[in-house]
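A short reminder: the numbers here are calculations on the coordinates, not readings from a lab. This structure is a prediction, so every number in the text was calculated from the model and none was measured. Every residue, glycine among them, receives a Cβ derived from its backbone with ideal geometry; neighbour counts consider all protein chains shown.
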């Protein structure tokens, strides 16, 4: 039995009862002969409460101090979890990100891990302890300041430690039973996926699936660390995310699958807005100057579409999508660059939604795209933008159309489970 | 203008408003040209809330993890305080005890400081920052584990940093205006003391005065760091605790004072209990074996009195006082050693109080002791035990008699202020 890294999110350790329940699960893994490293998030609403406090003392909390503040959250949960484990008769030691050797760059609030040197964790494990590590945090290489890793930081901590410690698996415990073929809140017949390749999971994450964040999957893929996403409530087998399927197929089955499109799931996202730059002179360098202005404002964009230029005017429209939260900043950046770029006007639309179909072999199966569009058409959903990759088709529609569109596509590709009972979502009604 | 260390307790930073108020006071000191190091405690009830959580997951929280948990409290307050200062347009950086170089032994929950290496604090100050340091915490020299310093830990952190940084003064901000000649809640006419010598302050602290703890004063005395105890609410001059008086006296006055008893104040303490060991054989080694049993149980005792042996029986009684919280443990320890020691019975009394008069030149002024006892007698207070030192007389009485006794002694030694108005106690009604 090898080393297992387990990660528990804030909802799993929301209160003392949750902490005690998680402690039992951890001890179970230890009893099964594993060396166990646990990465834990802050309890329930702790982080939000700390952010509230920060906003009360300062309208614009500074990065370094904000990170110092937020890291108090995991400090509390990890110490309590270690106590709960010791109370079950097993030895446990908690470690901050810094103590665990999570070395980051100096970009506060969204630092990137640049090295992991888990010497103290290894020592603690070798001494027979269960090691509890604070998720979401590290220490900057140059200034030795405390940093936080931003969204999905605890998952990334877990995968990074799993890689550095050469773990068998990184188990991500959450409040759902795994990754589903669609959001079960929208599609009642969504099925739990038993196994999904890193690449497909990356596309699902990029397309709005919230269970695992892109960043964490990317890290796991680079170091080839299998992730097992599962519920901390139900204890059922969840979804394995790895480079090779769990169960070896026969040669024939394997070949068959490579030739056919294998649809992993349908993702949706209503957190984006669409910006259209109207009346852009259709000449080289125009698009570049628009996206340079956006990039200089440090805004990540998602889909980009340029319409065919109207021959009579020599003008074209360029549309792109981006997180709604960045909308104001993007409009401001473009307005400032208006004279230099020379466009007519800007349109901003935050009532859009994105539906994505993810699966291997899509490009080589033209029928997939056709079926996708037919399903949307049958559901009466109008398509505004289209973007495709090797293993994904995404469309932008009205936000209101998203639930119908997701259900229609899910059904059209035969993803619906036979009965509603197969779907288990959540464990405590959260 | 030199370096100033300021320490703010939990009641001064109980909420966002408190933090903003304290931030202004800190910035004021910086504007006056000082380099400023701030030591801060956890906000208001944070520590109690964390202890509650710990008790919910484990009946006996372990030392290492308990310290990890509690230190989250100062992490929150110090980060918020740094943010609030930056919001006023000044640069501030917060540091954990470990980052500030507070090196301790490995005794969790009540670690002792063994070294202070404030290299990062010095750097931060030299870069023009205000440095905010978490009170009450450090890092163990051998294991590099997070430790807490126990009661009065934040005051001790402040004094230790002041010593290591060669500060001009260590300002202890609290919710009272300084050290008083008696507890103003008991004696309405108690006066604020402008200056008091380290030795007298040590005796007051040992005798029940709560404003400064013995440990912190001891540290300040060893390194000769002047302490200024003052209110974070009123901003008035408080009490200076140092080796030499603030204001130089003329030669004549000075000599006069050396010859006369200078009474600093009256302290009282109702947190102790009295144990009487009845019927101890009056032979060498008996007292030693009693106090060895107590010491082995790691109980600190205060006063010890042995009655004259009754010649007829060859038996004597030995009484001592100790914190009520240690009472059970002491009785158990003595019962276990009963056969070995050979005493008749034990008596336990937790309805006692201690009144102490502290001041220089007491031993050489027999009149002081006489006046003290006369004052108690006039107030109808019966004395149960007496203990004296070079600069202190303490008596044990019934707990109920303490308020009257304190007022009587305070008045008899001319400590009463002329009017009630001179006494300022507290700032927010706490």
From the gyration tensor of the Cα coordinates in the protein assembly as shown, what semi-axes in whole Å does the equivalent ellipsoid have, largest first, with each one equal to sqrt(5λ)? 67, 34, 20
Alpha carbons only, please: Rg and Dmax for region B:3-175, in angstrom. 15.2, 50
Any idea how far the Cα center of region B:173-237 sits from the one of region A:199-243, in Å? 59
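Which whole number gives the average, over all residues in A:264-271, of C-beta atoms from other chains lying within 10 Å of the residue C-beta?
On the way: counts 0, 0, 0, 0, 0, 0, 0, 0.
Per residue, the average neighbour count from other chains is 0.
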Against the 2.2 N^0.38 Å scaling, with N counting residues, where does region B:1-86 land? I'd like the Cα-based Rg ratio to two decimal places. 1.28
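Could you put A:90, A:108 in order, starting from the residue whose Cβ has the fewest other Cβ atoms within 10 Å?
Numbers: A:90 17, A:108 20.
Going from least to most buried by this count: A:90, A:108.
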If I fit a long axis through the Cα atoms of helix A:63-87 and take the longest principal axis of the Cα atoms of chain A, what angle between them do I get, 0 to 90°, rounded to 10? 40
Dividing the Cα convex hull volume of chain B by residue count, how many Å³ per residue is that? 167
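Counting DSSP beta bridges with both partners in region A:3-175, what percentage is antiparallel, nearest 5?
On the way: 6 of 27 bridges.
Counting DSSP beta bridges with both partners in region A:3-175, the antiparallel share is about 20 percent.
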Length-normalised contact order of chain A, Cα under 8 Å, at least 6 apart, in percent, tallies to 14
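Hey, what did region B:85-148 get for relative contact order, percent, Cα under 8 Å, at least 6 apart? Working shown, then result.
Values: 123 pairs, mean separation 26.7, N = 64.
Dividing the mean separation by the residue count of region B:85-148 yields 42 percent.
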Candidates A:59, A:118, A:323; GNM for chain A (alpha-carbon contacts under 10 Å) flags as most fluctuating A:59
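Taking neighbour Cβ counts within 10 Å as the exposure measure, how do A:45, A:200 sort from fewest upward?
A:45, A:200
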Place a label point 7 angstrom from the Cα of residue A:382 along the Cα-to-Cβ direction, then list the residues of region A:333-365 whose backbone nitrogen is under 18 Å away. A:347-355
Between helix A:16-31 and chain A: long-axis angle, C-alpha atoms, 0 to 90°, nearest 10: 70
When chain A is modelled as a GNM with alpha-carbon springs shorter than 10 Å, which of A:340, A:273, A:84 fluctuates the most? A:340
Taking the 0 to 90 degree range and rounding to the nearest ten, how far is the long axis of helix A:366-378 tilted relative to the main principal axis of chain A, both from C-alpha atoms? 80
Label point 7 Å beyond Cα along the C-beta direction, distances from residue B:185 to other copies (nm, shortest first): 5.0
How long is region A:66-156 along each principal axis, judged by its Cα atoms, biggest number first, in Å? 40, 23, 20
Region A:329-372 pair-distance distribution - Cα-Cα, 10 Å bins, rounded %: 20, 26, 18, 28, 8
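Just from its helices, what would the mean residue ellipticity at 222 nm be for the protein assembly as shown, if runs of 4 or more DSSP H residues each count -39500 (n - 2.57) and the sum is divided by every residue, rounded to the nearest 500 deg cm²/dmol? Could you put the intermediate results ahead of the total?
Numbers: 27 runs with 299 residues, N = 860.
Here the helix-only value at 222 nm equals -10500 deg cm²/dmol.
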Take B:115, B:67 and order them by how many other Cβ atoms sit within 10 Å, fewest up front. B:115, B:67
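List the relative contact order of region A:3-175 as a percent without decimals, with contacts defined as Cα pairs under 8 Å and 6+ residues apart.
Details: 374 pairs, mean separation 52.1, N = 173.
Relative contact order comes out at 30 percent.
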